[in-house]
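Taking it in order: structure first as structure tokens, then the write-up.
Here, each number is a calculation from the coordinates, and none is a lab measurement. Remember, predicted model here, so these are calculated numbers, not experimental data. Neighbour counts run over all protein chains shown; Cβ positions are idealised from the backbone, glycine included.
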Amino acid sequence: MRLEGKVAIITGGASGIGHATVQKFISEGAKVVVADIDLERAEKVVAEVEADGHPGQAVAAQVDVSVYDQVEAVVRRAVEAFGKLDVIFNNAGIAGGKPLLDHDPAVDYQPMIRVDQDGVYYGILAAGRQFRDQGTGGVIISTSSIYGEQAAELAFTYSAAKAAVISFTRSAAYELAEYGIRAVAITPGRVGTPIINQFSEELRTTFASEQLRNKLTEPHEIADVVAFLASDEANVINGTVVHVDDGYSV
Ligand code: NAI
């Protein structure tokens, strides 16, 4: 129960990595706000937590992370429901892309930057202010990607946003250390979630072969690392990137 007594917001908590992290955090004793643009699925995750024998340990909140006021409202919701905030996992994101020269900036650049980049900035800002005002410190974990550190086909905008997540993490750790706030970014490789599962069997086999164990990562394998990073056992991991890509980047 390494997260006993901790209160966490998990954005994108209704699916994939976020969903697995909700389950892991609950099993480690945390109280969780399942924050997602898809309220219906977030409520299903909360119902599942209750059915698993943890009544009152999770609440659902609808949020579009690309709108600052909504992110701030989720932080308020956590405090209303559970009295404080200890951890934010800025994980909501969208993927996809076109060749650069086919871009319509209004379609292929701005919307993704708003979610994958601005959304993380807003999470850091809103949670950071809450941690400072509480005077308790806190942990900010944000989901980047292997593409945050390297170029890839059809990933011009996604790579830019995910690189910004790494930069935000370094700067947030640097600037917020005086409030006892820690920040860490994770870079998943190929994780078996709806983002990947939408592709053909053949392409998924290729994705798996890019990782050293020749398999797609399971969402719960990422969640295990996030729970560790959120815990006090990871107090010296700060302002850095934790590669959770099964050797993709070696
Ligand atoms: P997913 O599609 O299963 O989950 C993403 C969740 O984010 C969904 O529940 C969706 O409703 C929510 N969401 C989307 N836009 C939102 C918004 N504007 N506001 C609030 N919630 C929003 O995807 P997955 O794979 O679990 O992705 C989670 C994170 O991991 C993303 O940031 C993604 O870029 C990143 N990632 C995923 C990899 C993979 O192989 N699956 C690899 C590297 C990074």
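Can you sort Tyr179, Tyr147, Tyr174 so the residue with the fewest Cβ neighbours within 10 Å comes first? Could the numbers behind the result be given before it?
Working: Tyr179 16, Tyr147 21, Tyr174 12.
Going from sparsest to densest Cβ surroundings: Tyr174, Tyr179, Tyr147.
Tell me the mean residue ellipticity at 222 nm calculated for the chain from its helices only (DSSP H runs of n ≥ 4, each -39500 (n - 2.57), averaged over every residue, nearest 500). Mind dumping the intermediate values first?
Details: 8 runs with 102 residues, N = 250.
It lands at -13000 deg cm²/dmol.
Report, in degrees rounded to the nearest 10, the 0 to 90 angle that the Cα long axis of helix 156-176 makes with the longest principal axis of the chain.
Result, in degrees: 30.
For the stretch 24-40, take each phi angle, set θ = phi - 60°, evaluate the Karplus expression 6.51 cos²θ - 1.76 cosθ + 1.60, and give the result in whole Hz per residue in order, putting x for glycine and proline.
Those phi angles translate into 5, 4, 4, 5, 9, x, 7, 9, 10, 9, 8, 9, 7, 5, 9, 5, 4 Hz.
Can you work out ³J(HN,Hα) from phi for every residue in the stretch 201-210, in order, using Karplus 6.51 cos²θ - 1.76 cosθ + 1.60 and θ = phi - 60°, giving whole Hz and x for Gly and Pro?
The phi angles translate into 3, 4, 5, 5, 5, 5, 4, 4, 5, 7 Hz.
Please rank Ser200, Ser231, Ser66, fewest neighbouring Cβ atoms within 10 Å first, as an exposure proxy. The partial results should precede the final answer.
Working: Ser200 8, Ser231 18, Ser66 21.
Sorted ascending by nearby Cβ count, the order is Ser200, Ser231, Ser66.
Rounded, prolate or oblate: which one fits the stretch 116-250, using the alpha carbon gyration tensor with axes a ≥ b ≥ c (rounded when a/c is under 1.5, else prolate when a/b beats b/c, else oblate)? Don't skip to the answer; put the middle values down first.
Working: a/c = 2.44, a/b = 1.86, b/c = 1.31.
Prolate is the answer for the stretch 116-250, as a/c is 1.5 or above and a/b outweighs b/c.
Could you pull out every residue, at least 5 positions away or on a different chain, whose amide H is within less than 5 Å of the one on Ser142? Hs are placed 1.01 Å off N in the peptide plane, and Pro or chain starts have none.
Result for Ser142 returns Asn90, Val184, Ala185, Ile186.
Calculate the spin-label point distance for Lys98 paired with Ala81, positioning each point 7 Å from the Cα along the beta-carbon direction, and give it in nanometres.
3.8 nm
Give the angle, between 0 and 90 degrees and rounded to the nearest 10, that separates the Cα long axis of helix 219-230 from the longest principal axis of the Cα atoms of the chain.
For 219-230 against the chain, the angle is about 50 degrees.
For the stretch 169-235, what class follows from the C-alpha gyration tensor (a ≥ b ≥ c being the square roots of its eigenvalues): rounded when a/c is under 1.5, otherwise prolate if a/b is larger than b/c, else oblate?
On the way: a/c = 3.37, a/b = 2.63, b/c = 1.28.
Verdict is prolate for the stretch 169-235.
Please give the residues of the stretch 184-201, grouped as numeric ranges, whose backbone N is less than 18 Å from a label point set 7 Å along the Cα-to-Cβ vector of Leu212.
187-191
Give me the lysines in straight-line cross-link reach of Lys24: C-alpha distance below 30 Å, same-chain residues under 8 apart excluded.
Correct list for Lys24: Lys6, Lys44, Lys84, Lys162, Lys215.
Using only Cα atoms, tell me the angle between helix 119-134 and the longest principal axis of the chain; keep it within 0 to 90° and round to the nearest 10.
20 degrees
More than 34 Å apart: what percent of Cα pairs in the stretch 7-243 qualify? Show your work: numbers first, answer last.
Details: 3042 of 27966 pairs.
When every Cα pair of the stretch 7-243 is considered, 11 percent fall beyond 34 Å.
For the stretch 7-243, what is the charge dipole size about the Cα centre, in debye to the nearest 20, if Lys and Arg each add +1 at the Cβ and Asp and Glu each add -1 at the Cβ? Kindly include the intermediate steps, with their values, before the conclusion.
Values: 18 positive and 31 negative charges, 73 e Å.
Taking the Cα centre of the stretch 7-243 as origin, the dipole is about 360 debye.
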